[in-house]
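A.B. asks: Shown below is the structure under consideration.
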Amino acid sequence: MRIEPEQLKTFLIDSGLVNKKQLAQAEKTKKNNPNQRVEDVLIETGMVRQEEIAKLKAYILGIPFINLEDEKIPPEVLHIIPEPIAKKQNIVAFRKTDRNLEVAMLDPDDLQTIDFIKKKTNLRILPRLTSEPSIKNAIRQYQKSLKAEFGELIGKEDKIDSFLSEASPIKETSEGSDAPKEELEKAAQDLPIIKIVDTLIKHAILQKASDIHIEPMEKELIVRYRLDGILHETMTLPKQVATGVVARIKVLANLKLDEHRLPQDGRFKIETEDYKISFRVSLLPVYDGEKIVMRLLPENSKGFTLEDLGFWGRNLELIHSQINKPHGMILVTGPTGCGKTTTLYTIMDLLNTPEVNISTVEDPIEYRMPRINQTQINSKIGLTFANGLRSLLRQDPDIIMVGEIRDNETTSLAINAALTGHLVLSTLHTNSAAGSLPRLIDMEAEPFLIGSTVNVIEAQRLVRRLTPESREKYNLNPDEIATITKQIDTAKVLAVLGQEKIISENQSLKDVSFFRPKPSSDSPDGYKNRIGIHEVMEITETIRNLIIKHANTDEIAKQARAEGMLTMMEDGIIKAARGLTSIEEILRVTQE
């Protein structure tokens with residue numbers, strides 16, 4: 001059964017995914033490109049997500065929809081369908097039970113392929129509709145593991161010497177590892193070195209790592225990937241390849257090959273049909289050579305919603321109400337790597353309409369956003385946050401995003417911008433929402449101006465998500481309850497758990513079922529991806545008065561909690577009771 005275009009349009013309107021005006025606009029755009037389908041126009045313009053279209057088609061056809069974007073398919077099931085067929089026909093096997101084989105495909109009308117797989121496997125084929133990102137993620141899993149690929153390159157002991165002999169020999173000078181520039185250039189272009197670096201980068205992308213660490217030791221080169229916020233040792237390479245690997249990455253990032261004594265920073269980009277990723281490169285001289293850290297920044301990743309980031313209930317309502325104000329300041333706080341930038345970009349995405357001018361000053365620009373004017377800080381030529389913000393105010397902005405408030409001048413300019421009719425978004429490095437206010441005063445901001453301009457302060461941490469299939473229920477013992485109750489308002493948490501129907505009336509913490517990881521082959525540590533825990537402090541009249549009186553952090557936090565604010569710890573405990581994460585994760589990120 002095929003879905004006719006008119007039939008799909010009717011269901012799109014009936015489902016509420018688009019209205020008649022949006023559909024007419026998409027059809028008008030389609031006339032300029034007759035080969036394009038209306039659904040493609042809707043996806044490209046962001047009116048509808050590709051997954052929503054796929055789900056709607058599955059509903060029309062009466063076929064289950066499956067999302068494999070974050071799924072790891074067992075290799076023995078995946079390889080039932082050979083890789084060439086999977087790539088050509090966009091079909092993958094993802095689950096096998098008894099004599100049934102579930103396959104995900106883009107075209108469930110492809111009966112010829114289904115029949116071919118049925119005859120080849122002698123199994124009953126159950127087709128499932130999926131989306132293009134799902135298929136691409138599944139097909140990427142045909143790739144060999146990192147160790148298997150390196151096994152072919154240099155894994156076997158007897159092959160290491162022959163492998164290294166292919167690379168250009170690099171003579172060390174009397175200074176140590178400072179080889180002549182010509183030799184470094186030659187080493188960076190050697191095929192074996194290129195293969196090593198390409199393989200490390202490819203597998204980091206496949207594993208959705210956020211950072212690659214390449215660390216020289218006395219006798220080896222250690223490679224670690226940061227996955228869901230935790231570093232994992234991935235590969236150990238012979239020390240002989242260290243100089244070539246460093247030189248290759250310097251060439252990619254356009255850095256000085258013969259500079260070994262000073263830190264260097266650079267960037268490069270990798271684009272394929274499947275992904276577009278920017279790499280932020282940092283080199284630091286250490287005792288045994290040069291350490292490299294590469295931050296991976298996906299440029300074509302789908303945007304998040306505030307709900308995806310872990311906002312809910314009162315916190316979600318407060319953020320939505322505050323970002324719709326025409327002026328004032330919204331601050332996102334927390335340590336490095338806690339997702340502050342992602343939260344700001346998500347808020348900007350919500351505010352990004354043709355009616356407003358959004359401008360940013362960032363260091364660095366982590367993600368490119370359409371219709372937003374983004375300026376990269378460059379302190380070497382005098383383009384600081386303060387100078388960038390001063391110039392930006394002459395660009396008639398409605399909404400301003402300052403990557404970080406880190407000095408007195410930027411603080412003063414940001415507050416003045418909020419006072420003069422702009423909505424200002426920014427970040428601060430403080431441990432809690434209440435701790436941001438004394439920090440602003442330390443940067444010589446007048447307390448009465450802070451109280452007049454700051455609308456809301458949000459503090460956050462990132463915790464690893466439990467995999468639904470790899471978790472088990474348990475109840476806290478008395479010692480664990482005693483530890484937790486010292487740090488939370490138990491009555492408030494129990495009241496919220498009651499409202500959420502997680503516990504019934506008169507139950508206590510010992511009656512709450514929590515979850516802990518249960519490692520499996522698909523999820524070795526029981527976690528996959530991350531979610532935020534938050535505290536959102538609205539600047540009310542009472543808190544404004546406390547700021548003017550130079551109240552300390554504890555006094556402000558106490559008042560905010562009395563007015564209904566949940567602390568990060570409390571938000572985390574509620575998320576743990578909902579099965580999203582574990583108590584151990586909450587304690588790991590909140591204990592200071």
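The values are calculated or read from the model by the stated rules, or taken from the named source; none is laboratory data. Being a predicted model, the structure only gives us computed values, none of them experimental. Because the Cβ atoms are built from the backbone with ideal geometry, glycine has one as well, and the counts that use them run over all protein chains shown. Accessible surface areas use protein heavy atoms only, side chains included; no ligands, DNA or RNA. Shrake-Rupley method; radii C 1.70, N 1.55, O 1.52, S 1.80 Å.
A.B. asks: Sorting ASP14, ASP525 by accessible area (1.4 Å probe), largest first, what list results?
C.D. replies: ASP14, ASP525
A.B. asks: Given charges of +1 on the Cβ of Lys and Arg and -1 on the Cβ of Asp and Glu, with all other atoms neutral, how large is the dipole of the chain about its Cα centre, in debye to the nearest 20? Please list the in-between numbers first.
C.D. replies: On the way: 79 positive and 88 negative charges, 285 e Å.
Around 1360 debye, computed over the chain.
A.B. asks: Only Lys, Arg, Asp and Glu count, each charged at its Cβ (+1, +1, -1, -1), so figure out the dipole size of segment 349-474 about its Cα centre, rounded to 20 debye.
C.D. replies: Details: 12 positive and 16 negative charges, 82 e Å.
Computed charge dipole of segment 349-474: roughly 400 debye.
A.B. asks: Here's a follow-up. Just how much of ARG124 is accessible, in Å², when a 1.4 Å probe is used and the result is rounded to the nearest 10?
C.D. replies: The value for ARG124 is about 140 Å².
A.B. asks: For segment 221-331, what does the equivalent ellipsoid look like in terms of its semi-axes, each the square root of 5 times an eigenvalue of the Cα gyration tensor, given largest first in whole Å?
C.D. replies: 38, 17, 15
A.B. asks: Within the accessible area of the chain, what % is carbon and sulfur when the probe is 1.4 Å and the other protein chains stay in place?
C.D. replies: With neighbouring chains kept in place, the figure for the chain is 49 percent.
A.B. asks: Moving on. Can you list the residues of segment 488-531 with backbone N under 17 Å from a point 7 Å past the Cα of ILE481, pointing along Cα to Cβ?
C.D. replies: Counting only backbone N, you get 488-495, 497-498, 503-515.
A.B. asks: Let me cross-check HIS327: its accessible surface, 1.4 Å probe, with only protein heavy atoms counted, in Å² to the nearest 10?
C.D. replies: HIS327 has an accessible surface of roughly 100 Å² with all protein chains in place.
A.B. asks: Amide H of MET401: which non-local residues (sequence gap of 5 or more, or other chain) have their own amide H closer than 5 Å, using H built in the peptide plane?
C.D. replies: The list, which skips near neighbours in sequence, is SER359, THR360, VAL361, LEU425.
A.B. asks: Mind running the shape call on segment 249-396? Use the C-alpha gyration tensor, a ≥ b ≥ c as the square roots of the eigenvalues: rounded below 1.5 for a/c, prolate if a/b tops b/c, oblate otherwise.
C.D. replies: Note, shape of segment 249-396 comes out prolate.
A.B. asks: Pop the C-beta distance of LYS256 and LEU191 into the FRET formula with R0 = 22 Å and round what comes out to the nearest 0.05.
C.D. replies: Numbers: r = 24 Å, r/R0 = 1.07.
Computed FRET efficiency for LYS256 and LEU191: 0.40.
A.B. asks: 222 nm [θ] for the chain, helices only, -39500 (n - 2.57) per DSSP H run of 4+, per residue, to 500?
C.D. replies: -11500 deg cm²/dmol
A.B. asks: In whole angstrom, how far apart do the alpha carbon centroids of segment 380-457 and segment 488-538 sit?
C.D. replies: The distance from the Cα centre of segment 380-457 to that of segment 488-538 comes to 35 Å.
A.B. asks: Then there is this: Past the 18 angstrom mark, what percentage of all C-alpha to C-alpha distances in segment 412-508 do you count?
C.D. replies: Summing the P(r) of segment 412-508 above 18 Å gives 68 percent of all pairs.
A.B. asks: Place +1 on the Cβ of every Lys and Arg and -1 on the Cβ of every Asp and Glu in the chain, take the dipole about the Cα centre, and give the residue among SER321, GLY16, LEU580 whose Cα lies farthest towards its positive end.
C.D. replies: After comparing all options, I get GLY16.
A.B. asks: Express in % the proportion of alpha carbon pairs of segment 31-99 at distances exceeding 20 Å.
C.D. replies: Pairs farther apart than 20 Å: 50 percent.
A.B. asks: For segment 1-107, with every protein chain kept in place, what is the accessible area per residue (1.4 Å probe, Å²)?
C.D. replies: Roughly 61 Å² per residue, with all protein chains present.
A.B. asks: Set the bar at 19 Å for Cα to Cα. Now go through LYS88/LYS202; LYS492/LYS575; LYS88/LYS118 and name every pair that lies beyond it.
C.D. replies: From the list (LYS88/LYS202; LYS492/LYS575; LYS88/LYS118), the Cα-Cα distance tops 19 Å for LYS88/LYS202.
A.B. asks: With unit charges on the beta carbons (Lys and Arg positive, Asp and Glu negative) and the dipole taken about the Cα centre of the chain, which residue among LEU227, VAL77, PRO298 sits farthest to the positive side?
C.D. replies: VAL77
A.B. asks: Per residue, what volume in Å³ does the convex hull of the Cα atoms of the chain enclose?
C.D. replies: 211
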